[in-house]
Structures are given as structure tokens and as C-alpha cells.
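The values are calculated or read from the model by the stated rules, or taken from the named source; none is laboratory data. All values derive from a computational prediction rather than experimental measurement. Note that we place each Cβ from the backbone using ideal geometry, even for glycine, and neighbour counts take in every protein chain shown.
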């Protein structure tokens with residue numbers, strides 16, 4: 001059985017009998033975990049092991065572990081600062097910032113690999129231009145070349161820890177005010193402006209070996225009338241042909257308001273996959289998940305199977321083994337060195 005094109009979520013800290021059946025469905029290819037799925041390092045390791053044991057090839061297990069306000073696993077994991085701190089450090093000391101970025105990517109990925117999570121959907125390649133509240137401090141910097149330099153160091157760290165990188169949100173979410181979780185953002189700039197500004201970091205990162213991209217739920221009216229994640233123009237023409245991207249393409253969550261233009265869930269998934277996505281996400285909506293499974297149809301794509309298989313994690317260790325490694329201890333100190341709130345209790 002190959003990996004299906006749908007990534008879904010689960011309800012709690014262990015799999016129910018119904019969820020096991022859903023995850024065995026041939027159209028399912030991955031699971032994304034949230035804070036509600038995490039209780040402890042030991043519990044989440046068992047949960048991931050149970051998910052991986054259901055299928056061969058094993059399902060991809062993903063999480064958003066960017067740092068700052070987007071860090072799903074906390075107790076027992078190192079507190080990760082928002083990556084804007086790396087951008088501010090870069091403005092003072094470029095060399096030190098790049099060292100810290102590599103250490104941060106390695107630390108984040110190493111700790112997730114210690115519980116056998118395959119993917120953290122990171123790094124953010126959007127620009128922090130002071131417009132988008134949902135992006136904000138999740139972005140490295142406002143300048144595209146700085147984002148590219150810091151993200152390059154960050155994915156080197158991820159790769160050394162055995163995790164493939166996912167740049168988001170293509171072609172750029174930082175220049176629209178609306179939050180695609182609650183609305184359909186619209187960007188009226190020209191393609192030339194987007195390409196020379198927001199897309200710069202994506203283009204550079206593709207040259208550096210970016211493994212995957214997550215699409216933006218944004219309409220760029222001067223280029224296409226469709227949300228980017230539903231757009232063959234953005235995925236096939238710009239991303240695949242113009243930028244020569246050969247990695248995996250993920251949709252953002254199709255349950256978000258920014259995806260509402262795609263119709264019912266099965267139609268949303270089919271539209272995104274036919275536009276060029278390799279895997280679509282349906283989260284926090286069991287009815288939408290079931291509708292997608294019932295109506296997505298047969299969209300078997302052997303090339304997508306290969307792209308997704310490359311996203312499996314490599315050479316993980318246990319958390320105890322990781323903690324005994326001097327490199328982990330140094331990485332924790334390095335990350336704490338640019339943390340603006342090092343004493344913050346993450347469980348508050």
C-alpha cells in the first residue's frame with residue numbers, strides 16, 4: 001500500500017478503534033498532531049509508534065513545532081523562541097545568528113525525531129513586513145535575503161537531525177492582513193512584486209534543497225483568481241516549471257476559512273490535488289474528513305508517492321540518548337542565548 005494523498009488529525013492522546021480504521025484507509029497518508037495529542041514525551045512516543053505500526057510504508061506523522069506561539073509539544077521539550085529573535089540577532093551579528101539558526105533547526109528536529117515524528121512544518125519563509133498578524137514573529141525577518149540566509153542555516157540543522165524541511169506559505173502570506181484561518185486573504189500586488197519580494201526566499205531555498213512546500217490560502221488577484229493552493233498556475237507553472245521545484249507540495253488545512261472557495265470538502269481536496277498538491281490536510285473537522293474520503297475519488301499519482309516517501313524521518317534517537325549528547329546540551333544553551341523570555345514557563 002502506498003501513501004494516500006490525505007493527512008488527517010486525531011482526537012486525543014491515544015488512538016481509538018475508529019481512528020485506527022480511518023488511518024488504514026488507502027487514501028490516508030499522514031497524521032498531524034496538535035497540543036491535545038500531547039501529554040508527555042513517553043506518551044507521544046507510544047502514540048507515534050502506534051500510528052507508524054498501522055501501515056507499510058508507515059504513515060507520515062507531522063506537527064507544527066516552529067517555536068514561539070506555535071509549539072505543540074512543550075513539557076519535556078526545549079522551549080523554542082519565535083524565529084523573529086534570530087532576525088533581530090542577525091541585525092546585530094550575522095555570523096552568530098546563522099550559527100544560532102542552524103542550532104535551532106537541529107534542536108527542534110532532533111527532539112521530534114526522538115519521538116519518531118517525521119515532519120515539523122517548518123521553516124516559515126514568509127516575510128515579517130508588519131502587515132500580517134498571523135505571521136508576525138513566526139517569520140525570520142522583513143528582508144527576503146535575510147530570511148533566505150537564516151532559513152538555509154535552519155534547514156541544514158534540520159537535515160543533520162534527520163528531518164526534511166517544509167517552507168511555508170507559498171508564494172508568501174506576509175503581505176496580507178487577513179488571517180486565512182478566519183477569512184480569505186486577497187493580495188492585489190502584481191506578480192512581479194510578489195516574485196521579486198515574497199518569492200525570493202522560496203526560490204533561494206529551492207536551490208538549497210528545500211524538501212517540501214506548503215501552499216498559502218491567499219488569492220493573488222493579479223496572477224490568478226483562485227486561492228494559491230487550488231491553482232495550477234501557482235503550483236504547476238510557477239513552482240514546478242519556473243522555480244523547478246521537485247519536492248512535495250502540501251495544501252494548508254482545508255478546514256480553514258481561506259479554503260472555503262473550494263466548495264465541499266471532497267471538491268476542495270480534488271481541486272487541490274488536481275492543481276498539483278501531493279497531499280492535502282483536513283484537520284479539526286471529522287465530518288469534513290469523512291466527506292473527503294467518500295468523495296475524493298481515485299487520484300493515484302506514483303510521482304506523488306515518491307515525493308511523500310522522501311519526507312520520512314531518518315536516524316532518530318531516544319530522548320535520553322539525545323540529552324546525553326553534548327551537542328544537544330550546547331544547542332539548548334545556544335537557543336537560550338537569543339530567547340527574549342528565557343524564564344517563561346511554557347505550561348502557563
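Select the strands (runs of 3 or more DSSP E) contained entirely in segment 1-98, then report the ones holding at least 1 residues which are on the phi > 0 side of the Ramachandran plot.
Once the strands (runs of 3 or more DSSP E) in segment 1-98 are filtered for at least 1 residues that are on the phi > 0 side of the Ramachandran plot, what remains is 65-67.
Among the residues of segment 223-238, what is the count of those that are surrounded by 18 or more Cβ atoms within 10 Å (Cβ to Cβ) and touching a helix residue (DSSP H, G or I) at 6+ places or on another chain (Cβ under 6 Å)?
The qualifying residues number 8.
Please go through segment 285-315 and pick out each residue that is buried (at least 16 other Cβ atoms within 10 Å of the Cβ), within 20 Å of the chain's Cα centre (by Cα) and in a loop (DSSP other than H, G, I, E, B).
Passing the criteria: 285, 311, 312, 313.
Of all residues being more than 14 Å from residue 340 (Cα to Cα) and in contact with a helix residue (DSSP H, G or I) (Cβ under 9 Å, 6 or more places away or on another chain) in segment 81-92, which is surrounded by the fewest Cβ atoms within 10 Å (Cβ to Cβ)? Just the residue, please.
Filtering first and then ranking leaves 91.
Which one of 248, 259 is within 21 Å of the chain's Cα centre (by Cα), modelled with pLDDT under 95 and crowded, with 21+ Cβ neighbours inside 10 Å?
Testing whether each residue is within 21 Å of the chain's Cα centre (by Cα), modelled with pLDDT under 95 and crowded, with 21+ Cβ neighbours inside 10 Å leaves just 259.
Considering each residue of segment 163-196, count those that are in contact with a helix residue (DSSP H, G or I) (Cβ under 7 Å, 6 or more places away or on another chain) and closer than 27 Å to residue 103 by Cα, and give that number.
Final tally of qualifying residues: 6.
Which of the residues spanning segment 102-142 are in contact with a helix residue (DSSP H, G or I) (Cβ under 7 Å, 6 or more places away or on another chain), over 27 Å from residue 46 (Cβ atoms), assigned to a loop (DSSP other than H, G, I, E, B) and modelled with pLDDT of 95 or more?
123, 125, 127, 139, 140, 141
Condition (residue is surrounded by 22 or more Cβ atoms within 10 Å (Cβ to Cβ), modelled with pLDDT of 95 or more, touching a strand residue (DSSP E or B) at 6+ places or on another chain (Cβ under 8 Å) and not in a helix (DSSP H, G or I)) applied to segment 143-153: is it met by at least one residue?
no
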